[in-house]
Structures are given as C-alpha cells and as structure tokens.
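Take a look at the structure below.
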Amino acid sequence: MLPPYEKVGKTEWYTGTANAIYQNLAYMESFNPEYVLILSGDHIYKMDYEVMLDYHKSHNADVSIAVMPVPEEEASRFGIIVADEKGRIKEFQEKPEHPKSNLASMGIYIFNWKSLREALIALSEQPNCDFGKHIIPYCFDQGQTLVAYEYNGYWKDVGTLGSYWEANMELIDIIPEFNLYEEFWKIYTTNDMIPPQYISAEAKITRSLIGDATEIYGEVTNSIIGSGVVVKKGAVVRDSIIMQNTVIGENAVLDRAIVAENVEIGEGTVIGIGEDVPNKVKPKVYSFGLAVIGENAVIPAGVRIGKNTAVTGETAPEDYPNGELASGETLDKAGVVG
Amino acid sequence: MRAVGIILAGGNSYRMRELSNKRAIAAMPIAGSYRSIDFALSSMSNSHIQKVAVLTQYNSRSLNEHLNSSKWWDFGRKQGGLFVFPPMQTPDNSFWYRGTADAICQNLNWLKDCHEPYVVIAGGDCVYKLDFNKVLEYHIAKKADVTVVCRELPEDEDATRFGIVKMNEDSRIEQFEEKPMAANSRTISCGIYVVRRRQLIELIEKSGQEARYDFVKDVLIRYKDVKRIYGYKINTYWSNIASVESYYKTNMDFLKPEVRDYFFRQYPDVYSKIDDLPPAKYNPGCEVKNSLVSSGSIINGYVENSIIFKDVFIGENCSVKNSIVLNGAYLGDNVHLENCIVESRDTIRPNSTYIGENEIKIVTETSERYTL
C-alpha cells in the first residue's frame, strides 16, 4: 500500500493517475521490473493478465492497451482506439462524436518499464498527469510501438451510481454474464462475518443475492443485501442495494435505493417514491431515479423520500417538512455532498 | 491466561453412522458456517489461551484441512499458537493413540516444555461458549486437583451416553460413572477439565506406566477418592453432537432466535475458517422459510425448517423440509427431502425422494455430477 507521503522538498497529494506512480518512482526502481501492469480498482471483470503479457511480448510492444468492442452508438462515451489489423494503434479519440472504431480502452495497460519510466520523468511537471490523457499520447508521439489487446469478456466500469447499480443488478440474473459461482477463477475478498443468514417463516425472497449473517423477516426482490443486514417484518426491499450492517425497520418500503453501511431506516419509512425529478445539487451524480442513503445515516420512522435524492448523517423528523424529502432534494447532515 | 489448551479430537463414534465415514467428529459442520471444533477453539482463543494442541487420529485429514491456518482463531503468533498432533512413530513408541490419556501421554514432552501452570482439556465435539478464566478461578478457589465442567441434562435427553457425576454440597465429585447402563443422576460431565500442568503430567505418566489409557476411566474415576475432583456447573447453552440425533437437534437449535442471538450476535464471537464465497443466490421460484442458508448456495426450490450449508445447489421444484444439506451438495430438479441429512459434496439425481420415517435419514448419493 502506497498512500501519498510527506517527503523532503515538494510534497503533494497524488494529482493524477500517472503522477501517483511518478511519486513512487524510487519504489518502482527498487524492483527494476521488465514490465509494469497498470490497473484500476473500479472495474468488474475476470482477465488472465499473463495472456495479455504474452501478447505484449510477441508484438514487441512498448505499450499494450486492453480494449473491448462496444456498441457503435455507445462508442462516443469511451476513449476509442483505432488499430490496424495487426493490432498496432494508429489513433486515439477521447469521447469522440464520430468514432472511427468500436474499440474502447479498458484502462488496463502493460508498459515496458523503461518506456514508462522515461515518460514519467519527461512529464514530471505536467499538472494532473494522467495515463490516458498524457502518458499514452506521449509514448505515441515518441513513435513507440503501441498495440491494442482485444478482450471479449464481461467488463463493467462501476464509477457512477447508475453503472454501479446496474452491475449489481446484472449479478442477479439466473446465469449472469459475470458469474461469481464458477469453480474456476474465483473472486477473493476479505470476509469478516461468519454466521449463516436466517430466513424467517414470513420472509419472501426472490431474485436476490444475500450476504452472511443477515436476518430476513420481510420481502426482498431483485436486490443485493450485504452481510449483517437485518430486514425486519413487513419491510419491502425492491431493486435496491443494501450494504453491511444496515437495519431496515418494520414495514419500511424501499424502491431503487442504494443504502450504505450501518444505516438505520425507521419503521414505516418509504424510500424511492414520487416523480423522477433531477437532483438540484448534483444532477449528474444523483440520477437514474435512485435514492442514495450515505453510511451511518439515520432515517426516522414514517418519513417519505423521493427519487434522485441523497441523504447523509443522523436525520430527525423535523428535517422532513410534512414528513417528506421530495424527489431531487438533498439532505446532507453529514456535510459530505458538497 | 495461565493455561495451555488441549483438544481431544481423535475419536470416532458409531453413533454418527455414515456421517463419520469421511470425517472426524470434531470436523462435523455445524449451523451452516462452522465446524464442531470451532466452539472449543474459539472459547480457548476468547479466554486468551495462547497455546493449544489438537490431538487428532481418526479421519484426521478432514480436520487438518479445517485447521489449515491458525489465524482463523487468532492463534497465528510467534510464541505459542496452534499445534496439531497426530500419532507419531518414535524409537520408543509405534502405537496409535490407545485412548485419551495415551494421546496426552504420547505428547508429554510438549506438555513438559510448556511454562504455563495450568491445562484446559476439552473435546472437539461440543457446541458451547465458555470463559475458561472463570473455571480456572473456581479451580484455584476450591484448591481442586481437577475441575470438571458439568451441567444438568434436560429430562428428555438420554444421559447414558455421557459421564454421570454426583457432587456433594461443596461441589466435590463423589461419584463418577462413564456411560452407565442406568443413570442415577442428571448431572453430566461436559468433557472439559482444568488441571494443574505438573499434576496432569504426574497422573498421565503414572497411568502410562500402568498401561491405562483412558482419561475418564483411568484418571478421573480411578483417582476420585484420593484427589480433589470438583464440578463446575454451567447453565448456558451446551450440546454434544456425537450422535446423529443430537447432531441433528443441535443444528436445528440454531433456528431458535435465542440460540442464534447467543452464538451469532452476542460477545464473544465464534470463529471459523473463512472461504471466499459469493453471497447466497435466490432465484425466481424459490421459497425459503425458517431456515439458515450459507454463502455460495444457489436456491431454486422450496426450503423449510432446514439448514443449508455452504456452496449448496438446490434445483427447481425441489422441496427440502426439516433437513440438513451439508457443504457443496447438489440437488437436481424435483428432489424431495424430509428429515434427512445430505452428506457433503453429494450429487442427488433429479426426481429423487428421500424421507426419514422413524429416524433421521442420512443420504449419501455420489452420482456423477456432470453426466446427469
């Protein structure tokens, strides 16, 4: 683990993805590797990097970029890569209006350390130095060999609430494209809860994933329930994601909600009702008709919360005029929405 | 804690029927996510015992797999830690463990090298939580030579498969009978003992020289009139799982809210080996009522009053009632189970029906999984 650290002379936070590596140059030098594999932590996929490295070596590449085909109409949302039939990259287009190819960069790179090192040093003064924006174009301009490695499996970026919600919902499918239950290629995690889940006689569960140490007394449909969650009697959870140790009170009703860890939802509270009005504070973040409840929040009994809303911190009945938080509103008691 | 722990986990019991064919009793899966030995190990860890030896023999591989790392119970440490001792051939010994006392006798050097003044001895086949510090305090206060943890057995349980004790008003054990034909008391030994380490070494060495190999018969019962053997009564949850009926009942006890609350929610926790499994999956058409389900399982059918262990697959139109389905079992479509225990990693063909009529039925069907 390499967080930013205070050093002699210039000390700063990591200002960009490549800058983060530049600040750990000495650490990298201590290994003096042949190749460096650069990945993001907010993507969901299974990939054998060894195959990609073999491809990198066999193409005598300086830089390999993993790409995947995306539908033509969605191509303008991605960084698009144009390559010839041998995989050699000819052009980059960042979120182009008229994409020349349907291959999108997945943010997975293999560099020859020599090339990366040289680029990092050359661009050390570049503000917010980023792999996609600065390092890759620099290598390209230097005439290095950049190749595209085509990947054809499931890949999902979960960098927005909408895609995060969608990716979770896709896991519920009977045989999901991204299958967590295969013997081969397991996904490992830290797991701090051991007890099994208890499903009571009055519970109703369908199309859902439920974690360890949960107790379900209510109704759960199309949802992901994290470990240690309690869904009390009469509560209804639909199309929602509930994270660790949250308690859903009796007769509460949740639709399209993302509820973070350690939240208490009061008795009879209704979340995710009303019209789909854009959020007033951050319409781009709080969208998709989702109601988002931040970690450690407390929602009092009997209130109603609309769509595209965000609630954080310990809220009380007086925070809800007429017992309601209308669609598009934000109630930020923890002061984190900004 | 001024004690080391010894867990006697080597035994077998015909009372487990087919369930002990492939595993040690201490490795029996319990309550969806645990193994029987977890309860003794966790109690020792939570009592801050820092050095524990597990003596294994019968079907020890199953147990070794579970004890693959000492970190699960917080015994991963430089000093002390978790030791697993199967029987070992040496220049002076080529026997298996001939009994519980012999098992300790064959590892006497380990015990002699310890510096802790006391020893806690427990079995691996009981479900409980116990603070051994309290037992040790009692042991010292009573100036006892051996303290035996005891408990009153409920009226409906058969006492004759336990050690039966009778205490005087000072709690000193005056009568002790092992698995008698007829029990004359409802107080039973829980198989948990506290004894001073040097005292234990002396007793075990003596027994070894006299070719006596059983800790209860040849040490506790034989010495009860010359040594101060005391009973420490507990009234918290305790259950021995070493018969199919009690194993079934103990698992079903976890469907009671007070038992779940005691083991799953109240301090201290019970630890177990952790597998990286995905959450349990409930597909359309499934119906689950009053049951425990563990991670990695996929459920398509009907489940009621049952314990579903890890990585279980239940096909469409199945019905599982009052049953225990052990780790990794695969139930094809239209399987009907009632009062059954399905052996782990079994593959049950579609359209099978198993019903336990007068006793719990143990289902062991190892059909080829991928040629169904």
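The values are calculated or read from the model by the stated rules, or taken from the named source; none is laboratory data. These numbers were taken from a predicted model, which means no experiment stands behind them. A quick note on method: Cβ atoms are made from the backbone with ideal geometry, for glycine too, and the neighbour counts reach across all protein chains shown.
Where in the stretch A:128-225 are the strands (runs of 3 or more DSSP E), entirely inside, with at least 2 residues that are touching a residue at least 40 places away in the same chain (Cβ under 8 Å)? Break it down into steps so the answer makes sense when it comes.
Working: elements: A:146-150, A:155-157, A:197-199, A:204-206, A:208-210, A:219-221.
Qualifying strands (runs of 3 or more DSSP E): A:146-150, A:155-157.
Applying the selection to the stretch B:233-258, what residues are among the β-branched types (Val, Ile, Thr) and within 23 Å of B:Glu338 (Cα to Cα)?
B:Ile241, B:Val244, B:Thr250
Collect the residues in the stretch A:185-198 that are within 15 Å of B:Ser33 (Cα to Cα) and facing chain B (nearest Cβ under 7 Å), keeping them in residue-number order.
Scanning the stretch A:185-198 gives A:Asn191, A:Ile194, A:Pro195, A:Pro196, A:Gln197, A:Tyr198.
Please pick out the residue among B:Ser323, B:Ser297, B:Ser319 that is surrounded by 24 or more Cβ atoms within 10 Å (Cβ to Cβ), among the small types (Gly, Ala, Ser), more than 21 Å from the chain's Cα centre (by Cα) and more than 7 Å from chain A (Cβ to nearest Cβ).
Numbers: B:Ser323 fails: more than 21 Å from the chain's Cα centre (by Cα); B:Ser319 fails: surrounded by 24 or more Cβ atoms within 10 Å (Cβ to Cβ).
Result: B:Ser297 is the single residue among B:Ser323, B:Ser297, B:Ser319 that is surrounded by 24 or more Cβ atoms within 10 Å (Cβ to Cβ), among the small types (Gly, Ala, Ser), more than 21 Å from the chain's Cα centre (by Cα) and more than 7 Å from chain A (Cβ to nearest Cβ).
Quick one: which of B:Ser344, B:Ser319, B:Ser294 is among the hydroxyl-bearing types (Ser, Thr, Tyr), touching a Gly at 6+ places or on another chain (Cβ under 7 Å) and closer than 22 Å to A:Leu171 by Cα?
That would be B:Ser294, the only listed residue that is among the hydroxyl-bearing types (Ser, Thr, Tyr), touching a Gly at 6+ places or on another chain (Cβ under 7 Å) and closer than 22 Å to A:Leu171 by Cα.
If you check B:Val54, B:Val4, B:Val84, which single one turns out to be part of a strand (DSSP E or B) and surrounded by fewer than 24 Cβ atoms within 10 Å (Cβ to Cβ)?
B:Val84
Can you list the helices (runs of 4 or more DSSP H) found entirely within the stretch A:1-95 that contain at least 2 residues being among the polar types (S, T, N, Q)?
The helices (runs of 4 or more DSSP H) meeting that bar are A:17-22.
If we only count strands (runs of 3 or more DSSP E) wholly inside the stretch B:232-318, which ones have 1 or more residues that are more than 27 Å from B:Thr147 (Cα to Cα) and of a type outside the set (Lys, Arg)? Explain how you work it out, then say what you get.
Numbers: elements: B:238-240, B:280-282, B:287-289, B:291-293, B:302-304.
The strands (runs of 3 or more DSSP E) meeting that bar are B:280-282, B:287-289, B:291-293, B:302-304.
Residue-wise test of (1) at pLDDT below 95; (2) assigned by TED's automatic domain parsing to the domain that holds A:Lys86; (3) loosely packed, with under 14 Cβ neighbours inside 10 Å; (4) under 22 Å from the mean Cα position of the chain (by Cα).
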site: A:Gln144; (1), (2), (3), (4): no, yes, no, no
site: A:Tyr149; (1), (2), (3), (4): no, yes, no, no
site: A:Trp165; (1), (2), (3), (4): no, no, no, yes
site: A:Pro176; (1), (2), (3), (4): yes, no, no, yes
site: A:Tyr181; (1), (2), (3), (4): yes, no, no, yes
site: A:Phe184; (1), (2), (3), (4): yes, no, yes, no
site: A:Thr189; (1), (2), (3), (4): yes, no, yes, yes
site: A:Met193; (1), (2), (3), (4): yes, no, no, no
site: A:Ala203; (1), (2), (3), (4): no, no, no, no
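I need the full set of residues from the stretch A:271-321 which are touching a Phe, Trp or Tyr at 6+ places or on another chain (Cβ under 7 Å) and in a loop (DSSP other than H, G, I, E, B), in order please.
Passing the criteria: A:Asn279, A:Phe288, A:Leu290, A:Val303, A:Asn308.
Residue under question is B:Asn251, and the condition is that it be in contact with a Pro (Cβ under 9 Å, 6 or more places away or on another chain), crowded, with 19+ Cβ neighbours inside 10 Å and of a type outside the set (Gly, Ala, Ser); does it hold?
When the stated conditions are applied, B:Asn251 passes them.
For the stretch B:265-281, state whether one or more residues are more than 10 Å from every other protein chain (Cβ to nearest Cβ) and closer than 21 Å to B:Asp125 by Cβ.
Yes: one or more hits.
Within the stretch B:107-122, restricting attention to residues that are touching a residue at least 24 places away in the same chain (Cβ under 8 Å) and out of contact with any helix residue (DSSP H, G or I) (no Cβ under 7 Å at 6 or more places or on another chain), which residue is surrounded by the most Cβ atoms within 10 Å (Cβ to Cβ)?
The residue in question is B:Ile121.
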